[in-house]
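Each reported figure results from applying straightforward, stated rules to the coordinates on display, with no laboratory input. Computed from a predicted structure; not experimentally measured. Note that we place each Cβ from the backbone using ideal geometry, even for glycine, and neighbour counts take in every protein chain shown.
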Amino acid sequence: MKGSEMFLPEDCTREKIREIDRKALEEFGIPGLILMEHASIGIADRAIDLMGIRNSSAPPWRVTLLCGPGGNGGDGFAVARHLHGAGWSVTIHDLGPDSSHSDRQTNRSICRALGIHPIEASYGPDLPAESDLIIDALLGSATDCAPRPPIDRAIEWINRQQLPVLSIDLPSGLVASSGEVPGAVVKATLTVTLCLPHLGLVQGKGPDCAGQLWICPIGAPASLLPQQAPVFPPKSTRLPADSIAIEQ
């Protein structure tokens, strides 16, 4: 955040954030993979800061990522390879292996080439995660209705684990525009929201579901963003409670 200025409601609508993405791609020619890469660097950096650095004699941190079929899942695959590169033990549960989202599938292919083979999950078993951290990369801002199987079962599984949970952009199942919860929703320890915070993170059930709220720039040009929005580097910054000027 720049100074102590607050985001205004019109800065944080789903439509506004989608328009920024569209203009970055169409008017500035920034490929979606570049935006996804910036996001994933900031998210991985936040995960490392959350868990801390282990010494050389300690076993690596173990992370379980649950990746949905869209761009949020693509962010998860990109985060997975960064954490793998940092020496973490990485497990990916893929809930959209046949996705048509090209950037997602590119990062999925890179993970496989690195030897991180996703588990194609239908989400029936109720097994504890052999992990230190769960990363929720299931659903993004397009959610308007209750998550359907197998996503709903994956969300319920996340919430049964006694582990810290990092949600990407917003907790899966939360409606970005309102903070409504029409069905299963992830209860996150912290959320790294991307580019700008969604209204739903501070309205309705949003504050109860998001945990600590952090913001990460994704490489969108400064000319598309409110003055107070972070632009560079792709590193997450804690959002103070009073950083969004929205009546509760």
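Judged by the ratio a/c of the largest to the smallest principal axis of the C-alpha gyration tensor, segment 145-195 counts as oblate, that ratio being 1.5 or greater while a/b is no larger than b/c.
Evaluating 6.51 cos²θ - 1.76 cosθ + 1.60 at θ = phi - 60° for every residue in segment 21-30, the Karplus couplings come out as 4, 4, 5, 4, 6, 7, 8, 9, x, 7 Hz, glycine and proline recorded as x.
Quick check: from the Cα gyration tensor, does segment 1-115 come out rounded (a/c under 1.5), prolate or oblate? Numbers along the way, then the final one.
Numbers: a/c = 2.35, a/b = 1.35, b/c = 1.75.
Taking the square roots of the gyration eigenvalues as a ≥ b ≥ c, segment 1-115 is oblate.
Say a site is exposed when it is one of the GluC sites (Glu not before Pro), sits in a DSSP loop, and has at most 13 other Cβ atoms within 10 Å; what is then the longest site-free stretch of the chain? Walk me through the numbers before you get to the answer.
Numbers: sites that count: E5, E27, E130, E247.
For GluC sites (Glu not before Pro) (loop position, at most 13 other Cβ atoms within 10 Å), the longest site-free span of the chain is 131-246.
Listed values for segment 73-82 are Karplus-derived 3J(HN,Hα) couplings in whole Hz (6.51 cos²θ - 1.76 cosθ + 1.60, θ = phi - 60°), namely x, x, 4, x, 4, 5, 4, 4, 6, 5, and x replaces Gly and Pro. The spacing between segment 24-49 and segment 145-221, judged by their C-alpha centroids, is 18 Å.
Among beta bridges identified by DSSP and lying wholly in the chain, the antiparallel ones come to about 5 percent.
Give me the Debye-computed log₁₀ of I(q)/I(0) at q = 0.16, 0.22 Å⁻¹ for segment 105-218, equal point scatterers on Cα only, no solvent, two decimals. Debye output, listed in q order: -0.75, -1.25. Since only T189, P171, A78 are under comparison, the one whose Cα sits farthest along the positive direction of the charge dipole of segment 76-209, derived from C-beta charges on Lys, Arg, Asp and Glu, is A78. Shown for D103, D169: other C-beta atoms within 10 Å of each C-beta, ranked fewest to most, produce the order D103, D169. Please work out whether segment 99-163 counts as rounded, prolate or oblate from its C-alpha gyration tensor, where a ≥ b ≥ c are the square roots of the eigenvalues and a/c under 1.5 means rounded, while otherwise a/b larger than b/c means prolate and anything else oblate? Taking the square roots of the gyration eigenvalues as a ≥ b ≥ c, segment 99-163 is oblate. Under 5 Å between amide hydrogens, built in the peptide plane, is the criterion, and for Q212 it picks out L190, T191 among residues at least 5 positions away or on other chains. Our coupling estimate for segment 148-156, obtained by passing each phi through the Karplus curve with A = 6.51, B = -1.76, C = 1.60 and θ = phi - 60°, is 9, x, x, 4, 4, 5, 5, 4, 4 Hz, Gly and Pro reported as x.
Taking trypsin sites (Lys or Arg not before Pro) across segment 1-98, the ones in a DSSP loop with at most 14 further Cβ atoms lying within 10 angstrom of their Cβ are K2, R54.
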